[in-house]
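These notes are about the structure you will find just below.
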Amino acid sequence: MDREAVRLQIRKRVESGALPSAPPQLTVGPGQPPLPPKSTIEADTAIGLAKCAGCDEGGAQMTYRYSDGRIVRFHGRCHRLWEEECQRPR
């Protein structure tokens, strides 16, 4: 899938709520208050195997975990497009 097709797919998913419109807040540990900046990337046993939330292809390299239990994984290139879409005015 080319870059613009992935961007459009991510945009639609953010607008529909299928993808979060912001990264989760960084925390120092379970039950502790969040710290700035509002992002976290964690080690994940599914890295390289899981499907990317941006392009639907396997091999996602980055993982976000949200307090509601949602896990979102991206390739590096798709992650950057998602970040750009999160910052885009609505």
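Some notes on this structure:
- Residue pairs whose Cβ atoms lie under 7 Å apart, sitting 6 or more positions apart in sequence or on different chains, and linking a residue in region 49-76 that is polar (S, T, N, Q) to a partner that is modelled with pLDDT of 85 or more and assigned to a loop (DSSP other than H, G, I, E, B), are 61/75.
- Given (1) at pLDDT 95 or above; (2) surrounded by fewer than 16 Cβ atoms within 10 Å (Cβ to Cβ), index of the condition residue 69 fails: (1)
- Single residue of region 5-24 satisfying the filter (farther than 13 Å from residue 53 by Cα and either at pLDDT below 70 or surrounded by fewer than 11 Cβ atoms within 10 Å (Cβ to Cβ) (or both)) that is nearest to the chain's Cα centre (by Cα): 16
- Lone unmet requirement of (1) more than 12 Å from the chain's Cα centre (by Cα); (2) modelled with pLDDT of 85 or more for residue 90: (2)
The values are calculated or read from the model by the stated rules, or taken from the named source; none is laboratory data. Predicted model only: the values in this text are computed from it and were never measured. Here Cβ is always computed from backbone atoms with ideal geometry, including for glycine, and neighbour counts include all displayed protein chains.
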